[in-house]
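The values are calculated or read from the model by the stated rules, or taken from the named source; none is laboratory data. On a predicted model such as this, the values are computed, not experimentally measured, just so you know. All Cβ positions, even for glycine, are placed from backbone atoms using ideal geometry, and neighbour counts span all protein chains on display. SASA here: full protein model, heavy atoms, side chains in, ligands and nucleic acids out. Shrake-Rupley method; radii C 1.70, N 1.55, O 1.52, S 1.80 Å.
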Amino acid sequence: MFLDLTFVVALAFFTSLVVCRAIIWMGPVDEPDEERKQHRAPTPTSGGIGIGAGFGAAMVILSLFSIDWRFEISPQGISMLWVSALFAYPLLFIGFVDDTRRLSAEFKFVVYSALSIAAAWLMGVVSQVQIGGVQIQLPFVVGLIGTGLWVFTLLNVVNFMDGANGMAMGSVAVGLIALAIIAFAGGSVGGGALALCCAGALAGFLVWNFPNGRLFAGDSGALFAGAIAAFGCLIAIARAGMSPLVAPILFFPLLADALLTLLYRARRGRSLLVAHAEHLYQTAMAFGWSHTRIALTYWGAMAGCGAIAWFVNLETTDTAPAVALGVMIVCAVAIDMVVRRRAEAAGALKR
């Protein structure tokens, strides 16, 4: 199985690499027509097409030609993988349309919400949470809304954070690698393969995106990567026994930046559906940080969170994940407050 996975991850990388190169030739192009955009020249976008192509090629070859795969993965695991593709690729298509025609924020909100709830229903609702030896059984509706909210949040967070070369897509790749390790350790071959194949496809895209930004992922890439990350977590929860509290730890740097920024804007009465430049990574740009420095900082933070997720997931009562997540939230809030106050004082943020 190791050799099969190595081959298909390499296939995901090279397929994504080649398709992304074709997109650079053919477009579409992202025009620097908004103040919040960091680039100053028209740049090819929708690298998500390459990411989706690489991921799809790898998963198809693995399922058709790997004998070990057929013995290792259960029918339920196969079903969850099909559902992941069933919803990830329509999101990629919607993102591609948005890259070329600019769909309204209200329309996207409704569509993403509906797809997230439907995906949660078919993937399997997370209805149990264990904290400190106490198992909490959630009503089906509560579990469905919570699971759908996880999918909706992560795919939108990745989209919100895709504004610096390599930062968002590289961060998701790091998170997926950590997720794959947890999934394989818990016996979920399907979840681990899904995560690694997507990470390989993201790496192929990053060749063209980081550090010089020759190609952007676009909404197509951000939505697809976010969806696969969210679905991979659901598979690991269902098939590898991963604590639901570990999922946000894996992608905590992206979640913290995006959600605390939304809270910051809400407290100041600003619309949450209007594009802006108030994320922490955008504030760092205002202070002169390069795209490379920002990306490497977030990758490092993601790797640290991945290590934390691995260690706390080993604890059987789920006390450790709850404590770790709580401490991380407190630290993130404190850092956010300090950075924003200094940015406001320096004029880099509007009060």
Q: Report, in deg cm²/dmol and to the nearest 500, the calculated mean residue ellipticity at 222 nm for the chain, where each DSSP H run with n ≥ 4 adds -39500 (n - 2.57) and the sum is divided by the residue count.
A: -25000 deg cm²/dmol
Q.
P(r) for segment 84-126, please, calculated from all Cα pair distances in 5 Å bins and given in %.
A. 5, 21, 28, 23, 13, 6, 2, 0
Q) Given Cα pairs under 8 Å that are at least 6 residues apart, what percent is the relative contact order of segment 99-194? A) 18
**Q.** Cβ-based net charge around Ile249, under 13 Å, with every Lys or Arg adding one and every Asp or Glu removing one
**A.** -2
Q: Assuming a ≥ b ≥ c are the square roots of the Cα gyration tensor eigenvalues, decide whether segment 262-316 counts as rounded (a/c under 1.5), prolate (otherwise, with a/b larger than b/c) or oblate.
A: oblate
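Write down Rg/Rh for segment 153-192, rounded to two decimals, with Rg from the C-alpha atoms and Rh from the Kirkwood relation over Cα pairs.
A ratio of 1.11.
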Q.
For Gln130, what residues show an amide H to amide H distance below 5 Å, using hydrogens built from the backbone and excluding near sequence neighbours?
A. Ile136
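If you put +1 on each Lys and Arg Cβ and -1 on each Asp and Glu Cβ, how big is the dipole of segment 190-324 around its Cα centre, in Debye rounded to 20?
Roughly 360 debye, rounded to the nearest 20.
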Q) Which whole-Hz ³J(HN,Hα) couplings does segment 76-86 yield from phi under the Karplus relation 6.51 cos²θ - 1.76 cosθ + 1.60, θ = phi - 60°, glycine and proline marked x? A) 5, x, 4, 4, 5, 5, 5, 5, 4, 5, 4
**Q.** Amide proton proximity set for Asp30, modelled H, under 5 Å, gap of 5+
**A.** Thr43, Thr45
Q | the chain - percent relative contact order, Cα under 8 Å, separation 6 or more | A | 23
(Q) Tell me the Kirkwood radius of segment 285-351: reciprocal of the mean inverse pair distance over distinct alpha-carbon atoms, in Å. (A) 14.1
(Q) Quick check: net charge around Ser104, other residues with Cβ under 14 Å of its Cβ, Lys/Arg +1 and Asp/Glu -1? (A) 0
Q. Using θ = phi - 60° and the Karplus form 6.51 cos²θ - 1.76 cosθ + 1.60, what ³J(HN,Hα) does each residue of segment 11-20 get, whole Hz, x for Gly and Pro?
A. 5, 4, 4, 6, 5, 4, 4, 6, 5, 5
Q.
Can you give me the % of accessible surface on the chain that is carbon or sulfur? Probe 1.4 Å, all protein chains present, nothing else counted.
A. 69
**Q.** Ratio Rg/Rh [Cα only; Rh per Kirkwood] for the chain
**A.** 0.95
Q. Equivalent-ellipsoid semi-axes (√(5λ), Cα gyration tensor) for segment 35-153, whole Å, largest first?
A. 31, 25, 13
Q | Shape category assigned to segment 99-213 from the gyration tensor of Cα positions, a/c cut at 1.5 | A | oblate
Q | Kirkwood hydrodynamic radius of segment 192-332, from inverse mean 1/r over distinct Cα pairs, in Å | A | 16.8
Q: Hey, can you find the accessible area per residue of the chain for me, probe 1.4 Å, expressed in square angstrom?
A: 44
Q) Tell me, what ³J(HN,Hα) does each residue in segment 220-233 have, in order and in whole Hz, if you take phi through Karplus 6.51 cos²θ - 1.76 cosθ + 1.60 with θ = phi - 60° and put x for Gly and Pro? A) 4, x, 5, 5, 5, 5, x, 5, 4, 4, 5, 5, x, 5
Q) Phe160 accessible area, nearest 10 Å², 1.4 Å probe? A) 80
